[in-house]
Amino acid sequence: MTPIRVLIVDDQKLFADSLTIVLDADSADDIRVVGTALDGATALEMTRELSPDVILMDVHMPGIDGVDATRAIHEEFPAVRIVMLTTFDDDVYVHDAIENGAVGYLLKDIDVAELAAAIRSVYAGSFLVSQSVGAKLASGGASSGHGAVPSRAERIMKEFPDLTRREAEVLLLVVDSFDNYEIAERLSIAEQTVKNYTSTIYAKLGVRDRIHAVRFVQSRTGVRAGSGAEP
């Protein structure tokens with residue numbers, strides 16, 4: 001039997017390496033990890049090079065995050081089965097991931113045997129989500145169907161299409177008056193990365209600083225300060 005080729009994408013190298021070891025040890029001969037990537041851009045490059053069948057994709061990563069990487073990979077390689085494997089079950093992440101081509105959304109507390117079974121299942125054509133995510137979908141919490149109120153991030157991305165999903169998240173936290181350190185803590189990224197994001201955001205918006213960015217966004221989108229959470 002030809003093994004299912006799996007690419008693991010996670011910015012925590014220790015987690016990715018550990019998952020590689022346990023999957024290779026616990027999945028007999030039908031699953032083989034062919035590589036690991038630490039960010040979305042590398043994931044796209046490795047997909048081109050390694051032709052994986054299934055990708056296990058984290059959500060929060062530096063640079064191109066998991067949702068944007070899923071979109072890019074799905075557009076270029078629609079046959080690749082992408083499963084989000086993350087600690088975040090926020091409605092917006094679930095919705096965005098599925099809308100952009102993910103066929104599964106699992107949480108990292110999953111048992112390795114269950115994860116191996118999930119890989120086999122999505123490879124065979126199934127759509128699979130964890131129990132808590134399934135409850136959100138069943139209740140409509142992760143749906144943006146007809147009549148749904150767009151999230152603040154969706155309103156920002158619609159008004160400013162040049163922004164990536166992660167840039168919209170950072171911008172929302174700027175609007176919510178969080179400083180760079182607090183944004184870094186909430187998004188689990190380095191403070192310098194936040195500074196890089198804000199510089200890029202200001203350039204894309206054509207503003208020079210935080211105050212002008214907030215005023216500009218509020219005037220264009222109607223988005224107001226909240227609690228740092230969606231919507």
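Brief remarks on what is shown
- Residue check, residue 229 over 17 Å from residue 159 (Cα atoms), surrounded by fewer than 19 Cβ atoms within 10 Å (Cβ to Cβ), hydrophobic (A, V, I, L, M, F, W, C) and modelled with pLDDT under 90: yes
- Test: residue in the range 128-139 that is assigned to a helix (DSSP H, G or I), in contact with an Asp or Glu (Cβ under 9 Å, 6 or more places away or on another chain), at pLDDT 90 or above and surrounded by 16 or more Cβ atoms within 10 Å (Cβ to Cβ): no
- Among the residues of the range 96-127, those that are more than 13 Å from the chain's Cα centre (by Cα) and assigned to a helix (DSSP H, G or I) comprise 112, 113, 114, 115, 116, 117, 118, 119, 120, 121, 122, 123.
- Put simply, of 71, 81, 5, 48 the only residue that is modelled with pLDDT of 95 or more and buried (at least 20 other Cβ atoms within 10 Å of the Cβ) is 81.
The values are calculated or read from the model by the stated rules, or taken from the named source; none is laboratory data. What you see is a predicted model; the values in this text were computed from it and never measured. So basically every Cβ, Gly included, is an ideal-geometry build from the backbone, and we count neighbours across all protein chains shown.
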